[in-house]
Amino acid sequence: MELGHPGLVQKLVARLEREGPLSFAAFMEVALYDPEFGYYMTAGPRIGREGDYYTSLDVHPIFAELVGRQVAQAAEAIAPLRRQGDGAFTIVEMGAGKGLLAKHLVNAYRRENPDFLARLRYLLVERSPAMVETQKQRLRELTGAGLSVAWVPDLNAIPPDSITGVFLSNELVDAFPVHRVVKRPLGLREIFVGWDGSRFVEIEAPPCSSALEAYFARLGISLEAGQQAEVNLQALEWMRQVGARLRRGLIVTIDYGHAAADLFAPSRKTGTLLGYYRHTVADSPYVRVGQQDLTAHVDFTSLALAGQDVGLEVTGFTNQLHFLIGLGIESAFAGLDPESPQVAAMRELLRPDGMGTTYKILIQHKGMSAPQLDGLRSRPYFLDALGVPERRPGPSLESVVP
C-alpha cells in the first residue's frame, strides 16, 4: 500500500531526518493542512458521496434549514429588532466545507424569513484556498442576490469582542490535529512519529508539553494502564479564540464525540483516531498520507471548560436526534411517501443507532442570559452529562444543561 502523496511524503521524511520524531499532532497537521499537498488544501472531491466521507449536510437540506431555524429563533434574544435599522446580526461559519450549510440555510431564509435575511451578514472562516473557491461557486447566486457574504482565512482576521450573532461549525473540531498518548506504569507517554528508512513508525517518549498531563488533571480523569487516547489541544485554543471574538450571542458546535467521562472510559482502549478513504475506515494513519481524512472524536467537556475561560456559559448539550425533533423535523415528513428517498434521507439524520446519537450539539452563550431554544427542549442526557462544574455568577448548569 502506498505511503501517500509523493511530494508530501518527501517533505515529511526530510523534516523527520532534520528534526527527529514529530508529535502526532505535527504529523497530522502536515497530512491535512500542508499548503501544497495537504488533504484539505488541495482540489478534489473530499466530502459527499463522491468523496471520502459525508456529513449531515450531504444527507438532506432539512438539516441546514433547521439549524437556520434555530439561529433565527436565537436572534430574537441576541439582537431583537425594535426599530428600523436595529438588530444587525452576523453568522460566522467556521470550516464551511462545500458551502452547503450556508446555501440551504440562506435559501430557507429567502423563502420563509426575508426580514431576518435583510439584516444578516454571513462570514466564512476558511483556511483552504480550494474550499474557498468551492464555497464561492456554490454561493454565487446568493451573493449576486445581495446577501452580505465575506471570507477570512482565520479567526485572527476578526477583532475581539466584535461579533453579535452566532458562530457555527459542523464537523470542524474533529479534523483538528491531535496529540496521541498512552498510559504506562510510570506515567503518561506521548506517541511520536518517526521514520525507519522505509515507513513511518511510532515512538513512545515523555510528553512534549506539560499541557497534556494538565488536560487530564483538569478533567479529573486518569487513564488505565495501556489505554491510548487523543488530546486535542488545538480545540481548546480555538474555543478560547472564538469566545473572545463574540460580544453577544451563541457558539453552536456540531460534531461527533462525547462528554469526557465517556470519551476516556476504560472501555475505549485504543482511542478514537480514524482514517477515511472512499467511505471506508482506513487501517493506519501512516498510509495514503495526504490522500485520506484523519479524524478523532471531540471531547465536549473540555470545549465547555475552555469556553468558561473566556466567559462562555453552557446553554445546552444534546444529540442530533433530539435537536432536530425539537426544531420540528417531524412536520417535514407530512405528505411524503414513506418509501421515498426524501423520507429515507431524513430518517438517516435521526437514526438512534447512527447519526441521530453519534452527532452532538454543544451550545454556549455570552453577553446574555441563557435563551430558550427549541433545539434544546428535549433532554437526552442527565443534567450534569458534560461534567462541567457550576460557574457563578450566572445561570446554574442545572438550568442550562439538558
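Worth a mention:
- Looking across region 135-175 at every residue that is assigned to a helix (DSSP H, G or I) and of a type in the set (A, V, I, L, M, F, W, C), the one that is surrounded by the most Cβ atoms within 10 Å (Cβ to Cβ) is identified as VAL173.
- Matching residues, region 255-286, being in a helix (DSSP H, G or I) and either polar (S, T, N, Q) or surrounded by fewer than 22 Cβ atoms within 10 Å (Cβ to Cβ) (or both): ALA261, ASP262
- Any hit, region 342-350, residues being in contact with a helix residue (DSSP H, G or I) (Cβ under 8 Å, 6 or more places away or on another chain), surrounded by fewer than 16 Cβ atoms within 10 Å (Cβ to Cβ) and more than 20 Å from GLU171 (Cβ to Cβ): yes
- Residues in region 367-390 that are modelled with pLDDT of 80 or more and farther than 20 Å from ASN170 by Cα: GLY367, MET368, SER369, ALA370, PRO371, GLN372, ARG377, SER378, ALA385, GLY387, VAL388.
- Scanning region 315-326 for residues that are open to solvent by less than 10 Å² (accessible area, probe 1.4 Å) and of a type in the set (A, V, I, L, M) returns a single hit, LEU324.
- Sub-9 Å Cβ pairs linking a first residue in region 354-372 that is within 15 Å of LEU263 (Cα to Cα) to a second residue that is acidic (Asp, Glu) and not in a loop (DSSP other than H, G, I, E, B), at least 6 apart or interchain, are TYR359/ASP255; LYS360/ASP255, ordered by first then second residue.
- When region 1-28 is filtered for residues that are closer than 24 Å to TYR277 by Cα and outside any helix (DSSP H, G or I), the ones remaining, listed by number, are MET1, GLU2, LEU3, GLY4, HIS5, LEU22, SER23.
- Within the set LEU100, LEU12, the sole residue that is buried (at least 18 other Cβ atoms within 10 Å of the Cβ), out of contact with any Gly (no Cβ under 6 Å at 6 or more places or on another chain), more than 30 Å from GLN320 (Cα to Cα) and modelled with pLDDT of 85 or more turns out to be LEU12.
- Summed over region 287-312, the residues that are surrounded by fewer than 20 Cβ atoms within 10 Å (Cβ to Cβ) and either within 17 Å of ILE254 (Cα to Cα) or not charged (D, E, K, R) (or both) give a count of 4.
- In a residue-by-residue description of region 189-196, the property of being surrounded by fewer than 17 Cβ atoms within 10 Å (Cβ to Cβ), assigned to a strand (DSSP E or B) and either at pLDDT 95 or above or on the phi < 0 side of the Ramachandran plot (or both) applies to at least one position.
- Some residue of region 326-345 being under 30 Å from ARG240 (Cα atoms) and within 18 Å of the chain's Cα centre (by Cα): no
- Set VAL281, VAL298: member being without any contact (Cβ under 8 Å) to a residue 12 or more places away in the chain and β-branched (Val, Ile, Thr): VAL281
The values are calculated or read from the model by the stated rules, or taken from the named source; none is laboratory data. Computed from a predicted model, the values in this text were never measured in an experiment. All Cβ positions, even for glycine, are placed from backbone atoms using ideal geometry, and neighbour counts span all protein chains on display. For accessibility, only protein heavy atoms count, side chains too; no ligands or nucleic acids. Shrake-Rupley method; radii C 1.70, N 1.55, O 1.52, S 1.80 Å.
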